[in-house]
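Here the structure comes first, spelled out in structure tokens, and everything after it is commentary.
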Amino acid sequence: MSNKQRCDWSLNEILNDYHDNEWGKVNHNDDYIFEILFLENMQAGLNWLTILLKRKEFKKAFDNLDYKIIAKYDQSKFDELITNSGIIRNKLKIKSASSNAIAFINVQKEYGSFDKYIWSFTNNKQIVNNWKLISDLPSQTELSVIISKDLKSKGFKFVGPVIVYSFLQAIGIIDDHLDKCFCKN
């Protein structure tokens with residue numbers, strides 16, 4: 001696949017794998033959606049490659065990113081996580097994992113699934129943008145601002161409009177593959 005054109009941010013083997021197999025691909029699985037939301041939260045202020053390099057460690061440290069387990073974390077689990085050098089040891093981000101898991105479960109109870117909730121913002125339709133240059137991509141949109149506000153009202157943390165936009169791209173609600181990219185819909 002090295003001869004295929006990709007989006008400009010896909011610069012190495014790890015990013016290529018993520019780009020080719022996950023980013024912009026529609027995924028309706030709540031377990032996966034929570035994993036991506038968790039990773040996006042951890043990414044705030046950092047680069048995505050750093051998060052992908054730590055993905056296995058995050059899964060190991062956070063009970064395979066099972067939101068049902070994470071929602072029940074107590075102080076002793078927090079103390080364990082904050083000393084784990086394999087993950088991002090930001091206290092607020094670690095604490096937000098549990099509160100976000102609780103909020104995620106509450107959304108599932110209200111809407112039947114988190115997937116139904118998040119896709120309702122686009123009437124269950126994927127947004128496919130047509131970008132020529134990576135510099136054309138926005139960092140946030142009116143949609144990500146609306147969803148960010150709604151998520152915050154439901155108790156989610158680290159869900160500003162920029163993180164939400166990235167999350168929407170990651171789970172395929174928004175397809176921002178460049179026009180030249182072989183993954184373009």
For the range 131-146, pairs from a residue that is of a type outside the set (A, V, I, L, M, F, W, C) to a residue that is in a helix (DSSP H, G or I) and open to solvent by 40 Å² or more (accessible area, probe 1.4 Å), with Cβ under 8 Å and 6 or more apart or across chains, are SER139/VAL162; GLN140/VAL162; SER144/VAL162
**Asked** Hey, does the range 74-87 have a residue that's under 24 Å from ILE118 (Cβ atoms) and open to solvent by less than 50 Å² (accessible area, probe 1.4 Å)?
**Response** no
Of SER99, SER153, SER113, SER166, the only residue that is open to solvent by 70 Å² or more (accessible area, probe 1.4 Å) and either hydroxyl-bearing (Ser, Thr, Tyr) or under 17 Å from the mean Cα position of the chain (by Cα) (or both) is SER153
Residue hits (the range 10-29; open to solvent by 20 Å² or more (accessible area, probe 1.4 Å) and touching a Phe, Trp or Tyr at 6+ places or on another chain (Cβ under 8 Å)) are HIS28
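Can you name every one of the helices (runs of 4 or more DSSP H) wholly within the range 110-185 that holds 1 or more residues which are at pLDDT 95 or above and in contact with a His (Cβ under 6 Å, 6 or more places away or on another chain)?
Working: elements: 114-120, 142-153, 161-170.
The helices (runs of 4 or more DSSP H) meeting that bar are 114-120.
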If we keep only residues of the range 124-143 that are within 17 Å of LYS25 (Cα to Cα) and among the polar types (S, T, N, Q), then the residue surrounded by the most Cβ atoms within 10 Å (Cβ to Cβ) is ASN129
Note on the range 62-73: residues within 18 Å of GLU40 (Cα to Cα) and surrounded by 14 or more Cβ atoms within 10 Å (Cβ to Cβ) are PHE62, ASP63, LEU65, ASP66, TYR67, ILE70, ALA71
Residue within the range 75-94 that is in a helix (DSSP H, G or I) and under 30 Å from ARG6 (Cβ atoms) present:
yes
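The values are calculated or read from the model by the stated rules, or taken from the named source; none is laboratory data. Quick caveat: nothing in here was measured; it's all calculated off a predicted structure. We place every Cβ from the backbone using ideal geometry, glycine too, and count neighbours over all the protein chains shown. We work out accessible area using only protein heavy atoms, side chains counted, and drop any ligands, DNA or RNA first. Shrake-Rupley method; radii C 1.70, N 1.55, O 1.52, S 1.80 Å.
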